[in-house]
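Everything below concerns the one structure shown next.
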């Protein structure tokens, strides 16, 4: 961030002015993806554009770089960067501006920096394209840039490829490549989405510094809490329009538009356990008869529920999954190591012990590489611990053979972050759930391998039972029966996760292991899924092992929390968040962005 | 070494499976009407009266010392004979591989740059090209260029003009195949975030293509080039025969026809060595193109 090539005159107006922008794709007359959008950003100011996926925020950002895509129709009353109109520029003219007048930082630098090239070369490309600097001058400038974004050891770093850098280092390198020419306008599209909270805090700090250096910053994000850290103003987008705009504190503190209110309400951080997050029940929902009174009474007692494990709310005397030992899952001294390529052993899980009590939720929170997922695999007996033991419902689980474990398998269900990847893409929702309910039935209905008339009566009765159970499961997760014929690719992210939950519930489990179940979802959909899990726990007496990197989510759903770092549980209990004792927990908590 | 041993063994026994008497072949083939005494003498001389396993180990022992034996039919040492034929085939194979890469890259680039129609036409051409059999393509090219247009010789004369049709015959199907392997990763790479980042830096469409996308797209095709080289040598059998071009392929075909076991084994061993070297080369090329492999 040395001398700007062209210092903007203080009276030259905003760095960016957009008036009545609309962007459409496809044939004329098709609904535009972005319509009637107007905003301005001044030098040294940060405007955040927030919205759910599909709201048009990324298209807006790309339009500002002339990269809306092939076949995009861009229309505006005014679109000017640094006082110069960029409407209808030729591709060659755009090329001269990109990188020099506008920089772009994308999410996930692992994919946003060419994995085959050293990062130094990627950064130097901006200089090669826009300046007359020779190779030696370019590498000198690259080192300066790396230093300015907080990457010392520039000599080494610039020769490394993005795969050899950590997530935070990569993102810093990507930012260095975007600000190489000190553009007056920088667009950051979800710049911290793939990062751990502590790293996220550092990257936000870096962006803030760039902003203070006089760069106009547009921050695109779905995460209101992130936005509130550095944005001066917020524009909320929904269905291609800006529905609300104003100073950050005002918009997030007193949201006026329904869309903004729903987004703010859906943020789980700081909301007590048991509070509904989703503003409205989704359209396909049938209101469950049993849940409503419980929801109403749960809210006032929520504060106390957080400090002590909530008693199981299954009505007394109900048979089924509600009976049995009080501790449904117990891990003692779990240790698991892996051999690294260089021959050393990495202890992914190191002496981990916890107990999950019936009807409660134990949250495991930690940053990537902390051993959360390995712990989940050990609990699910998908991996064998080197030392220690997992017991399920008081019976041996990890120490016995898979054959001996099989009868108990139905008691433990699992849902994953990548619901799509956990389904066979060629099966319909009906097939998926049928297999889950009746794993032994070879031919799901509709496979047409047997004519209906040729089956014995007992098989037909069993099938009717299976069908009824599938319908019941679907109702449980509030999905419309109309979705039965769809395949996973034809479902939305939230619907997929609901199908995943329905599948996990099919065997009537008592324990549900949730590995980052909402990390891939928009905040609104995330809220619905979290509400659903909460409701299922209340109705079915489920015990949840909830694994996530998101402290806000874990805090919201958990009765007790275990904080993991480098394979160990550094702290666990019910008041981890309210009275953190371990320095790591404190550091983690202070890094979490929250709403003002 | 293991590969070479396996190749020698397989070839040795495979040649024995061809019906007919090798002694007869040595004396000039079935038409020579050699006397029973002459046959017996030849069998004794070449060790053909020994049990098969003894013959096998004797052969293996000779191979181990680098002695490929003498041709039954041509009465020449196999080593120099086969090596003398190698050059022509190698030139043919290397030129074909190079041309196949050029065609494949050009086609993939053109068809991913153009619109939907170009993409359809491109992938259609690739499928057609990849499924063309060598003998048919060779004949079609001769008809087109030698008989109708009369611009190129139908048989492979020495010099560049004689090389054009054989190289085209081998390159076109391979180009179709490589193109299919390149297109998919090229499309993926062109839509990846790092390409968007490069465009946002002000990189031109061509720059993005050559600096980023094609490198990514080439990696699978480079790995496959070792295999492709092997297929080119087997294709050379057909092409050298059709265009009457001297080379390993034709030598092999002739040797098989007259049951000239030492020559067959010699050719096959040489091809195996070339194949191993080529695989090594492609592995090295992959490491250059994809430095991540080295880290693993």
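The overall shape of region A:336-446, judged from the alpha-carbon gyration tensor, is prolate: a/c is not under 1.5, and a/b is greater than b/c.
Count, for each residue of B:284-292, the Cβ atoms from other chains sitting within 10 Å of its Cβ, then give me the mean as a whole number. Display every interim value, and only then the final one.
On the way: counts 0, 0, 0, 0, 0, 1, 2, 7, 6.
Average neighbour count from other chains, rounded to a whole number: 2.
Peptides A:458-464, B:217-223: what's the order by average Cβ count within 10 Å, highest mean first?
Answer by packing, highest mean first, reads B:217-223, A:458-464.
Plugging the Kirkwood radius over Cα pairs into Stokes-Einstein for region A:106-152, at a temperature of 10 °C and a viscosity of 1.306 mPa s, what D comes out in µm²/s? Write down the numbers at each step before the final one.
On the way: Rh = 11.4 Å.
Here the translational diffusion coefficient equals 140 µm²/s.
The long axis of helix B:214-242 is offset from the longest Cα principal axis of chain B by roughly 30 degrees.
Within 10 Å of each Cβ in peptide B:204-214, how many partner chain Cβ atoms are there on average? Round it to a whole number, please. Please report the intermediate quantities before stating the final value.
Numbers: counts 4, 2, 0, 4, 1, 0, 0, 6, 6, 1, 0.
Neighbouring Cβ atoms belonging to other protein chains average 2 per residue here.
For region A:19-70, averaging the sequence separation of C-alpha pairs within contact (under 8 Å, six or more residues apart) and dividing by the residue count gives a relative contact order of 29 percent.
Given a Förster distance of 30 angstrom, what is the FRET efficiency for residue A:410 paired with residue A:346, based on the Cβ-Cβ distance and rounded to 0.05? With R0 = 30 Å, the Cβ-Cβ based efficiency is 0.35.
Calculate, in nm to one decimal, what residue A:193 and residue A:403 gain on full extension: separation in residues at 0.36 nm each, minus their alpha carbon distance.
Values: separation 210, 0.36 × 210 = 75.60 nm, distance 4.15 nm.
The span from residue A:193 to residue A:403 would gain 71.5 nm if fully extended.
Taking the square roots of five times each eigenvalue of the Cα gyration tensor of region A:514-585, the equivalent ellipsoid has semi-axes of 23, 14, 11 Å, listed largest first. Computed from label points 7 Å out along Cα-Cβ, the spacing between residue B:234 and residue B:57 is 3.3 nm. The relative contact order of chain B, computed from alpha carbon pairs under 8 Å that lie at least 6 residues apart in sequence, is 26 percent. Using the alpha-carbon positions of region A:40-146, Rg (one decimal) and Dmax (whole number) come out as 15.9, 44 Å. Rg and Dmax of chain B, based on Cα coordinates, read 23.8, 86 Å.
Principal-axis analysis of the Cα atoms of chain B puts helix B:36-46 at an angle of about 60° to the longest axis.
For a paramagnetic label modelled on residue A:70 (point 7 Å from Cα along Cα→Cβ), amide N atoms under 14 Å away belong, within region B:168-190, to B:184, B:186-190. Give the calculated FRET efficiency between residue B:106 and residue A:159 to the nearest 0.05, with a Förster radius of 45 Å applied to their Cβ-Cβ distance. With a Förster radius of 45 Å, E is 0.85.
The packing ranking, built from the mean of other Cβ atoms within 10 Å per residue, places the peptides B:37-44, B:248-255, A:167-174, B:70-77 in the order A:167-174, B:248-255, B:70-77, B:37-44, highest first. Quick one: helix A:167-178 against the long Cα principal axis of chain A, what's the angle to the nearest 10°, folded into 0 to 90? Result, in degrees: 30. Within region A:496-552, the proportion of Cα pairs with more than 18 Å between them is 26 percent.
Over all residues in A:110-119, what is the mean tally of Cβ atoms on other chains that come within 10 Å of each residue's Cβ?
6
Over region B:121-270, the pair-distance histogram of Cα-Cα distances with 10 Å bins from zero comes to 10, 28, 27, 20, 11, 3, 0 percent, rounded to whole numbers.
Taking every alpha-carbon pair under 8 Å whose residues sit at least 6 apart, chain A reaches a relative contact order of 16 percent.
In terms of the mean number of neighbouring beta-carbon atoms within 10 Å, the peptides B:91-98, A:58-65, A:131-138 order highest first as A:58-65, B:91-98, A:131-138.
When a/c reaches 1.5 or more, the comparison of a/b and b/c decides; with that in mind, is region B:147-188 rounded, prolate or oblate per its Cα gyration tensor? Verdict is prolate for region B:147-188. Label region A:126-233 by shape, choosing from rounded, prolate and oblate, from the square roots a ≥ b ≥ c of the eigenvalues of the Cα gyration tensor; if a/c is under 1.5 it is rounded, and otherwise prolate applies when a/b is larger than b/c, oblate when it is not. Since a/c reaches 1.5 but b/c is at least a/b, the shape of region A:126-233 is classed as oblate. Spin-label model, residue B:204/residue A:492: points 7 Å from Cα along the beta carbon direction are separated by 4.4 nm. A viscosity of 1.567 mPa s and a temperature of 4 °C, combined with the Kirkwood radius over Cα pairs in Stokes-Einstein, give a translational diffusion coefficient for region B:69-133 of 87 µm²/s.
Need the full-extension length gain, residue B:277 to residue B:94, defined as separation in residues times 0.36 nm minus the C-alpha distance. One decimal, nm. Please list the in-between numbers first.
Numbers: separation 183, 0.36 × 183 = 65.88 nm, distance 1.31 nm.
Length gained, residue B:277 through residue B:94: 64.6 nm.
Give the Debye-formula value of log10 I(q)/I(0) at each listed q (0.18, 0.19, 0.21, 0.23 Å⁻¹), with one equal scatterer per alpha carbon of region A:388-430, two decimals each. Log-scaled intensity ratios, in q order: -0.70, -0.73, -0.78, -0.82. Across chain A the C-alpha pair distances fall into 10 Å bins from zero in the proportions 3, 15, 23, 24, 18, 12, 4, 1, 0 percent.
Readers should treat all values here as calculations from the given coordinates under stated rules, not as data from a laboratory. Because the structure is a prediction, the values reported are computed rather than measured. We place every Cβ from the backbone using ideal geometry, glycine too, and count neighbours over all the protein chains shown.
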